[in-house]
Amino acid sequence: MEDLILTPDMVTATESLGVALRLAEPVVLYHLARETLEASPEATALLKCLSETQAAVRTRQTRGEVTPEDMARLRALQRKVQSNPVIRQYAQTQQAALGYLREVNREISELLGMDFGALAKKPGCC
Amino acid sequence: MSIDTLSHLELSSPAVVSQAAHDFAAVLAATEPFTALEAASERLRQDAAAQHAMQAYQAKQQSLQAVLMLNALSAGEQAELEHFRETFLAEPSVTAYLQAEAGLRTMCQAAADRLSEHVGLNFASACSSGCC
């Protein structure tokens, strides 16, 4: 489907840019950090626990049943996640990679005279 | 891939990425959807009737700004505003512009999807402002 939309020249140019971006240092560092995160049982368990706790608190909030203990437990877990070095490294490299992509988009958009990223954004995708 | 492998990888230099970005922009700017949008945009700019319809719609919106912000439009005001909007959208140069824009969007989305596959991050979401 995609190949029907993109001309052969566009496919070539997009592939070249994609490969160059994949091997750019901020993106490589992000992937390394992600692999480290996925290989860390402690970090993945912490993130899973945080996600489950957040979901449980949200459910209790809709029922008006949230207690100060629930919130204290959630905040303690958030602090633990934020202080985990593997998760911190992942979050930092992800932000750096996203910032790098924004810089590249700015360069492309200046040449085009219109915002490529805004045109490429699908409705409702965040 | 471990941190040790970073030094063994052939990373893209900033110049390589910049050149690839320039090439990408140049190829994109030469495509039919891009040139069609530029042409449609110019036609819209030169179309006095469409410009007049747009100004009338904007003026109506501005006159109703306070109630719009409060989401308190009456049925009559809503119908009047909708009439101005439909009049504007019915102008042939506006329709042509919106069609051309949709065509370019589709192509940019396909290109961004490919870029996202390479980088493992959503390129378009990373780059567009005003997210929800």
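Annotations
- Whole-number percent relative contact order across chain B, with pairs defined as alpha carbons under 8 Å at least 6 apart: 26 percent
- Listed residue (B:Ala124, B:Phe88, B:Asn71) projecting farthest to the positive dipole end of segment B:34-132, Cβ model: B:Ala124
- Candidates B:Ala21, B:Ala59, B:Ala110, ranked by Gaussian network fluctuation over chain B, Cα under 10 Å, top entry: B:Ala21
- For chain A, relative contact order (Cα pairs under 8 Å, six or more residues apart, normalised by length) works out to 28 percent.
- Karplus-derived 3J(HN,Hα), 6.51/-1.76/1.60, for each residue of segment A:5-14, Hz, glycine and proline x: 7, 8, 5, x, 4, 5, 4, 4, 5, 5
- Using alpha-carbon coordinates, inclination of helix A:41-62 to the longest axis of chain A, degrees: 70 degrees
- Counting only aspartates and glutamates at least 8 places from A:Lys80 when in the same chain, those with an alpha carbon closer than 15 Å to its own are A:Glu42, A:Glu52.
- Rg/Rg_ref, segment A:36-95, where Rg_ref = 2.2 N^0.38 Å and atoms are Cα: 1.26
- Note on A:Lys122: aspartates and glutamates with a C-alpha under 15 Å away, same-chain residues under 8 apart excluded, are A:Glu2, B:Glu101, B:Asp113.
- In a simple Cβ point-charge model (Lys, Arg +1; Asp, Glu -1; nothing else charged), chain A has a dipole of about 820 debye relative to its Cα centre.
- Taking the charge dipole of chain A about its Cα centre, with +1 at Lys and Arg Cβ atoms and -1 at Asp and Glu Cβ atoms, the residue from A:Leu98, A:Pro123, A:Pro68 reaching farthest to the positive side is A:Pro68.
- Nearest-ten-degree value, helix B:75-90 long axis tilted from longest Cα axis of chain B: 60 degrees
- Axis of helix A:85-112 versus longest Cα principal axis of chain A: the two differ by about 30°, to the nearest ten degrees.
- Candidate aspartates and glutamates - alpha carbon under 14 Å from B:Lys60, same-chain residues fewer than 8 apart omitted: B:Glu77, B:Glu80, B:Glu82, B:Glu86
- Highest-fluctuation residue, B:Arg114, B:Arg105, B:Arg85 considered, GNM on chain B with Cα pairs under 10 Å: B:Arg114
The numbers here are math on the coordinates, done by the rules we state, and not lab data. In this text the structure is predicted, and so the values were computed from the model without any measurement. With ideal geometry, Cβ positions are generated from the backbone for all residues, glycine too; neighbour counts draw on all protein chains shown.
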